[in-house]
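FYI, it's all coordinate maths here, none of it is from the lab. Predicted, not measured: the structure shown is a model, and the values here were computed from it. Using ideal geometry, Cβ is built from the backbone for each residue, glycine included, and neighbour counts are taken over all protein chains shown.
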Amino acid sequence: MGREGRVVLLLAGDVMTGRGIDQILKHPADPALNEPLVRDAREYVRLAESVNGPIASGAEPGYIWGDALAEMDGTGADLRIVNLETAITADGDPWPAKGVRYRMHPDNIDCLSAAHIDACALANNHMLDWDRVGLHDTLQALRAAGVRFAGAGADSEEAWAPARLSLPGRGQLLLFSFAAKSSGVPSGWSAATRRAGIALLPDLSVATAAQLAEDIVSRRGADDRVVVSIHWGDNWGLGVPQAHRDFAHRLIDSRAVDVVHGHSSHHPLPVEVYRGKLILYGCGDLINDYEGIGPHGSLRSDVGCLYIVTLRSVNGRLDTLEVVPLQMRQFRLGTADAAAQEWLGQVFASGQALGEQPVRHGARRWRLRVPS
């Protein structure tokens, strides 16, 4: 439960349980791929094994979360929210002219339940990798598992609607999920009146921000808190685009939004506190199968973070942000080593122009406290 007068959220970025990750679980989907360089998802397992040693097949649902499970349980979070960047399906046809596709077998949905995930953002560039049949299966699997979702649906009404999650005391958390074209979403994925798809933003303009804010205000109650989850931008690079800053600021200026939860980059990005509200520009990948691929220059995709966000219940202002870095080894999240911790510090240091950044807090955490 959250502390009195506070709401505690556990947020994370991309959870990519398809492809190599799916292959080590108990019910792997067909491993066939049609990527330019890799034709079998099991190759990603072999690449990871070449770096950190053997990975047993038929892993238990909680295996991939590793040390993250204890960290999650210790947060006292009221809600746990991630960006699920994988279709949950054993069916469907691969979306044409798309080089990289992710899917996890529906019988492996218990890997989300093992981490007690409450809700998933679904508006991203992999949700329709296996066409609309795959999307239908994904929504069905999440409903059956009791995991709420936002950002995708059978039509535009469902895709643009928020997930409504109960908070202790009173009120709800409304989770909205949107994707920007800059994250690589095909234009044909946009949900329509009679077409399943995702909530795809037309642009990041002043008009679009105003329209979103108006819709959010019409849906929220006086005691509700609002998280807007946005999949945007490139996979690599520490620079935060000015368009992202402007869009996030406009949503907060509208008084419609309490937290902007950004993702798409394969690594964490700096953060910002704007008018007392938290903006996570890029949470990075929490779970992926890139272990055997190596870093992208100085940027690492094997370091994922849990973001423990404490808000004041009365107005949604940020009280504290704690960041727990974890490191992927043998497709399992473990404690981040000293080099990973140092690298994360460099990431945050690159964002000093955005304002105060998290600093080391003990041996394994980073913390940002907002003055009263």
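Structure data summary
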{"quantity": "Ranked list, fewest to most other Cβ atoms within 10 Å of each Cβ, for 35, 71", "calculated": "35, 71"}
{"quantity": "Over the stretch 6-369 - Rg/Rh using Cα atoms and the Kirkwood inverse-distance radius", "calculated": "0.93"}
{"quantity": "Computed [θ] at 222 nm, deg cm²/dmol, the chain (DSSP H ≥ 4; -39,500 (n - 2.57); rounded to nearest 500)", "calculated": "-6500 deg cm²/dmol"}
{"quantity": "Translational D in µm²/s for the stretch 263-338 (Stokes-Einstein at 4 °C, 1.567 mPa s, Kirkwood Rh from C-alpha pairs)", "calculated": "95 µm²/s"}
{"quantity": "Sequence-distant aspartates and glutamates (8 or more away, or on other chains) whose Cα lies within less than 12 Å of residue 181", "calculated": "203, 234"}
{"quantity": "Relative contact order (%) - criterion: Cα under 8 Å, at least six apart; region: the chain", "calculated": "18 percent"}
{"quantity": "Of the trypsin sites (Lys or Arg not before Pro) in the stretch 151-190, those whose Cβ has at most 14 other Cβ within 10 Å and which sit in DSSP loop", "calculated": "170"}
{"quantity": "Residue 314-residue 27 FRET efficiency (beta carbon distance; Förster radius 35 Å; 0.05 resolution)", "calculated": "0.20"}
{"quantity": "Two-decimal Rg/Rh across the stretch 97-236, once Rg and the Kirkwood Rh are taken from alpha-carbon atoms", "calculated": "0.97"}
{"quantity": "Least to most buried among 356, 4 (fewest other Cβ within 10 Å first)", "calculated": "4, 356"}
